[in-house]
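The next block holds one structure in the form of structure tokens; read it before the comments.
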């Protein structure tokens with residue numbers, strides 16, 4: 001349309017009409033065609049060749065795959081990524097004759113691929129972009145949730161089989177890697193893996209969408225980032241239809257929308273299959289359990305080496321990698337197949353500059369270190385003929401606070417030898433105090449606040465922006481946002497320790513043990529473990545008084561007794577809420593303080609709890625949302641504490 005309008009305008013300036021420009025063959029009988037019968041581009045200067053192929057699956061569906069082969073490659077291993085995000089675009093970051101430029105951008109582990117001489121294969125999963133078939137979000141394995149004979153495991157098997165038989169430059173060895181959704185797929189590849197698949201590297205993988213990845217966290221629905229993602233992914237095969245809002249501030253968008261179900265309805269999501277599944281399964285029923293990859297892999301034999309990569313500030317999939325490690329490491333009887341890396345990154349930060357995250361500096365490029373010193377030798381060991389052992393420990397964990405890489409024998413371990421991780425209660429106390437001493441009988445029994453669904457606590461400073469990776473308020477950095485604004489709100493309790501005189505080191509999952517009551521019949525509880533910086537930090541003035549979340553998560557109260565069967569909460573009765581927070585590997589330094597914040601909303605990231613029990617919060621009505629008095633107890637018989645995984649020598 002634009003080209004036609006431009007042409008008409010140019011002709012008008014020339015004093016001609018479109019009709020006057022029409023020439024017949026008789027007028028110009030010898031005028032040559034500008035389009036040759038066959039055009040062959042000159043690629044002699046390219047340092048790679050590109051092959052655009054359609055690989056047949058066992059059911060006849062063909063999957064579009066981009067294959068990039070370095071010039072002169074011989075007996076080269078293949079690195080495969082399977083993706084819903086457009087294989088062509090992910091392998092076309094520049095109009096260049098150089099493979100490094102073409103792959104630069106999203107592509108995982110760029111230095112590993114270019115310097116390692118790997119053949120790169122990127123495939124659109126079935127139903128997306130150039131591939132045939134139907135798209136199913138996080139397609140489950142064949143079984144109760146998937147009656148068809150194909151799944152991402154079989155598609156990976158068939159793809160690997162085709163690659164090793166049809167790429168003559170390869171050595172017949174394939175590794176699979178990817179991030180997020182592309183990290184979920186290397187986990188699927190571990191189910192009945194092809195003999196030529198020699199290694200899998202799931203980075204920040206989607207593992208359990210209800211317990212702590214993408215869609216829910218302990219029953220609380222992650223509306224911002226889920227509704228819009230489903231819209232973008234499922235509305236069209238090529239994701240041309242983009243989410244729309246009409247709001248600059250998503251806080252306002254979701255307040256005006258009311259319930260999450262109503263927001264989805266406003267945007268017409270009912271026609272999308274995965275959205276209908278979300279609405280039908282708000283609780284942790286068989287639908288979620290059957291496809292949780294940690295559960296799936298715990299029941300599978302362990303056949304090939306796997307390196308699980310976890311980000312300590314992963315804003316999307318902070319649950320999955322360590323959950324899979326916990327599930328499958330016991331099968332690794334020879335201690336040579338399951339490895340874990342924990343880095344100080346956001347979601348996918350390991351493939352970028354890892355020198356800092358927001359205002360937090362790490363004294364080195366941790367992303368580059370991971371790619372060159374950890375990932376590259378690991379891949380080479382299993383994929384390259386005659387490569388030396390990578391000499392990696394079971395766990396490589398970056399220790400924040402001291403900014404040090406630790407070689408650990410297991411997770412959690414704390415140090416290489418001579419120390420132990422001991423569960424240690426950090427008690428909430430009267431007067432909003434925090435410490436390692438149990439509460440006293442003569443102290444006040446509780447602190448309280450009023451939670452008002454009409455004014456929910458923001459999860460970050462407003463305006464709350466949509467998902468994005470550019471700009472000042474980018475999505476990737478919200479977990480390291482300064483929490484001091486929240487600590488000053490009347491609907492947030494902030495318990496603070498004395499200034500530390502010795503380091504406090506934690507390694508593992510803190511456990512929230514909250515004794516609380518509500519005047520309502522349902523409630524959300526948010527617990528945040530925070531490193532409270534000194535009022536002045538030399539050389540880094542922006543960190544003066546900074547409140548850095550080290551581990552934080554939400555729990556929906558209706559699931560206190562059963563994750564599958566929600567129940568109303570007895571009003572005004574102290575009850576125990578106990579759940580695991582995300583993994584941390586951190587040292588609280590002398591001069592700092594520990595802080596724990598408690599609140600009942602994290603909006604609009606999570607949908608509002610109406611604070612009155614309704615069968616399905618997705619369809620809560622305006623009159624269901626009511627204020628509630630929330631009490632957090634700290635008496636000897638009702639002690640609230642955070643169980644820290646303390647490292648002791």
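The values are calculated or read from the model by the stated rules, or taken from the named source; none is laboratory data. Predicted model, so just to flag it, every value in this text is computed and none were measured. With ideal geometry, Cβ positions are generated from the backbone for all residues, glycine too; neighbour counts draw on all protein chains shown.
Which residues, taken from region 123-132, are buried (at least 18 other Cβ atoms within 10 Å of the Cβ) and in contact with a strand residue (DSSP E or B) (Cβ under 9 Å, 6 or more places away or on another chain)? Break it down into steps so the answer makes sense when it comes.
Quick first cut of region 123-132, residues buried (at least 18 other Cβ atoms within 10 Å of the Cβ) only: 123-131.
Scanning region 123-132 gives 123, 124, 125, 126, 128, 129, 130, 131.
With respect to being assigned to a loop (DSSP other than H, G, I, E, B), farther than 18 Å from residue 178 by Cα, touching a helix residue (DSSP H, G or I) at 6+ places or on another chain (Cβ under 9 Å) and without any contact (Cβ under 8 Å) to a residue 40 or more places away in the chain, residue 301 fits the description.
From 225, 257, 219, 261, grab the single residue that is under 15 Å from the mean Cα position of the chain (by Cα) and either at pLDDT below 95 or crowded, with 19+ Cβ neighbours inside 10 Å (or both).
Details: 257 fails: under 15 Å from the mean Cα position of the chain (by Cα); 219 fails: under 15 Å from the mean Cα position of the chain (by Cα); 261 fails: under 15 Å from the mean Cα position of the chain (by Cα).
Checking each option against the conditions leaves just 225.
Here's the yes/no breakdown for (1) touching a strand residue (DSSP E or B) at 6+ places or on another chain (Cβ under 9 Å); (2) modelled with pLDDT of 95 or more; (3) surrounded by 15 or more Cβ atoms within 10 Å (Cβ to Cβ):
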residue	(1), (2), (3)
77	yes, yes, yes
81	yes, yes, yes
93	no, no, yes
100	no, no, yes
107	yes, no, yes
116	yes, no, yes
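Within region 304-319, restricting attention to residues that are over 23 Å from residue 157 (Cα atoms) and not in a loop (DSSP other than H, G, I, E, B), which residue is nearest to the chain's Cα centre (by Cα)? My answer is 317.
Residue 149 meets all of the listed conditions (1) assigned to a loop (DSSP other than H, G, I, E, B); (2) closer than 30 Å to residue 602 by Cβ but one, namely (2).
Which of the residues belonging to region 610-625 are assigned to a loop (DSSP other than H, G, I, E, B) and closer than 13 Å to residue 258 by Cα? Break it down into steps so the answer makes sense when it comes.
Within region 610-625, the first condition is being assigned to a loop (DSSP other than H, G, I, E, B), and the residues that meet it are 610-616, 620-621, 625.
Scanning region 610-625 gives 610, 620, 621, 625.
Conditions first: (1) in contact (Cβ under 8 Å) with a residue 40 or more places away in the chain; (2) surrounded by fewer than 17 Cβ atoms within 10 Å (Cβ to Cβ). Residue 155 passes all but one, so which condition is the exception? So residue 155 meets the others, but not (2). Going through region 273-292 one residue at a time, which ones are assigned to a loop (DSSP other than H, G, I, E, B) and either modelled with pLDDT under 95 or under 23 Å from residue 609 (Cα atoms) (or both)? Result: 281, 282, 283, 284, 285.
Does residue 614 satisfy the criteria of being surrounded by fewer than 23 Cβ atoms within 10 Å (Cβ to Cβ), modelled with pLDDT of 95 or more and over 30 Å from residue 413 (Cα atoms)? For residue 614, the condition - surrounded by fewer than 23 Cβ atoms within 10 Å (Cβ to Cβ), modelled with pLDDT of 95 or more and over 30 Å from residue 413 (Cα atoms) - is met.
Looking at region 622-634 only, could you name the residues that are in contact (Cβ under 8 Å) with a residue 60 or more places away in the chain and within 19 Å of residue 571 (Cα to Cα)? Give the steps one after another, and end with the answer.
Of region 622-634, the ones in contact (Cβ under 8 Å) with a residue 60 or more places away in the chain are 622, 625-634.
Passing the criteria: 625, 626, 627, 628, 629, 630, 631, 632, 633, 634.
Looking at 605, 644, 589, which one is outside the structural domain of residue 360 (by TED's automatic domain parsing) and touching a strand residue (DSSP E or B) at 6+ places or on another chain (Cβ under 6 Å)? Let's see the steps before the verdict.
Values: 605 fails: touching a strand residue (DSSP E or B) at 6+ places or on another chain (Cβ under 6 Å); 589 fails: touching a strand residue (DSSP E or B) at 6+ places or on another chain (Cβ under 6 Å).
That would be 644, the only listed residue that is outside the structural domain of residue 360 (by TED's automatic domain parsing) and touching a strand residue (DSSP E or B) at 6+ places or on another chain (Cβ under 6 Å).
Return the residues of region 573-583 that are surrounded by fewer than 20 Cβ atoms within 10 Å (Cβ to Cβ) and closer than 20 Å to residue 608 by Cα; say none if nothing qualifies. Talk me through it step by step, then tell me what you get.
Within region 573-583, the first condition is being surrounded by fewer than 20 Cβ atoms within 10 Å (Cβ to Cβ), and the residues that meet it are 573-576, 578, 580.
None; the set is empty.
When you check residue 177 against the structure, is it over 18 Å from residue 307 (Cβ atoms) and crowded, with 19+ Cβ neighbours inside 10 Å, yes or no? Answer is no for this residue.
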